[in-house]
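Engineer: Take this structure, written in structure tokens, and hold onto it; I'll ask about it next.
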């Protein structure tokens, strides 16, 4: 799939069929995440690929996967680099790469982040994450039951400035 087609097709999918996601597709999605840039090339992230129905059910009970048949959890080491802390940006770049890869695989996905931090202790227990690492975000993934329409976006000329603000 063309990159721009993937970008334009990407939507937050929250409704999935019960069909399993191929593990090889999940590996390719995670590999796309591994290719994302990281501050000072520190590579402070690890991944938990969840395709076991019992674990997915436990995540669903915590309101993390909502019917998805798989998930990819980004686990971060929240240490700094010689130039500052970039682990949040690293995780975000990683997630965007994986979301686009899911589209290229013909899958639907949703970036779950807002409710992760308040439920991190429970997630840490379910996923056996060591205390020194952070459960940062989760990508629910599966075969979509429908493709959401494009949400409203601002007009290019109203939000893009060249050289200076207002230019």
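The values are calculated or read from the model by the stated rules, or taken from the named source; none is laboratory data. Please read all numbers here as calculations on a predicted model, not as lab measurements. Please note: Cβ atoms are built from the backbone with ideal geometry, for glycine as well, and neighbour counts cover all protein chains shown.
Engineer: So which residues in region 77-102 are at pLDDT 95 or above and touching a helix residue (DSSP H, G or I) at 6+ places or on another chain (Cβ under 8 Å)?
Structural biologist: 94, 95, 97, 98, 100, 101, 102
Engineer: When you check residue 135 against the structure, is it under 19 Å from residue 20 (Cβ atoms), surrounded by 11 or more Cβ atoms within 10 Å (Cβ to Cβ) and at pLDDT 95 or above, yes or no?
Structural biologist: When the stated conditions are applied, residue 135 does not pass them.
Engineer: Is one or more of the residues making up region 13-30 assigned to a helix (DSSP H, G or I), in contact with a strand residue (DSSP E or B) (Cβ under 6 Å, 6 or more places away or on another chain) and closer than 25 Å to residue 146 by Cα?
Structural biologist: Yes, that holds for at least one residue.
Engineer: Looking at 13, 21, 30, which is the one that is under 14 Å from the mean Cα position of the chain (by Cα) and under 13 Å from residue 105 (Cα atoms)?
Structural biologist: Every option except 30 fails the conditions.
Engineer: If you check 75, 103, which single one turns out to be under 17 Å from the mean Cα position of the chain (by Cα), in a helix (DSSP H, G or I), touching a residue at least 24 places away in the same chain (Cβ under 8 Å) and surrounded by 11 or more Cβ atoms within 10 Å (Cβ to Cβ)?
Structural biologist: 103
Engineer: Residue 83 fails exactly one of the following numbered conditions: (1) within 25 Å of residue 5 (Cβ to Cβ); (2) loosely packed, with under 15 Cβ neighbours inside 10 Å; (3) out of contact with any strand residue (DSSP E or B) (no Cβ under 7 Å at 6 or more places or on another chain); (4) in contact (Cβ under 8 Å) with a residue 40 or more places away in the chain. What is the number of that condition?
Structural biologist: Result: residue 83 passes all but (1).
This table checks each residue for (1) under 30 Å from residue 75 (Cα atoms); (2) in a loop (DSSP other than H, G, I, E, B).
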residue	(1), (2)
132	yes, yes
138	yes, no
147	yes, yes
152	no, yes
158	no, no
164	no, yes
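Engineer: Condition test on residue 115, is it out of contact with any helix residue (DSSP H, G or I) (no Cβ under 8 Å at 6 or more places or on another chain), in a loop (DSSP other than H, G, I, E, B), modelled with pLDDT under 95 and over 25 Å from residue 4 (Cα atoms)?
Structural biologist: yes
Engineer: Next up: Quickly run through region 112-130 and pick out the residues that are touching a residue at least 60 places away in the same chain (Cβ under 8 Å) and in contact with a strand residue (DSSP E or B) (Cβ under 6 Å, 6 or more places away or on another chain).
Structural biologist: Residues satisfying the conditions are 123, 127, 129.
Engineer: Right, here's the next one. Select from region 42-72 the residues that are in a helix (DSSP H, G or I) and surrounded by 22 or more Cβ atoms within 10 Å (Cβ to Cβ) and list them in ascending order.
Structural biologist: Selection gives 59 alone.
Engineer: Kindly establish whether residue 127 is touching a helix residue (DSSP H, G or I) at 6+ places or on another chain (Cβ under 9 Å) and closer than 18 Å to residue 44 by Cβ.
Structural biologist: So residue 127 fits the description; yes.
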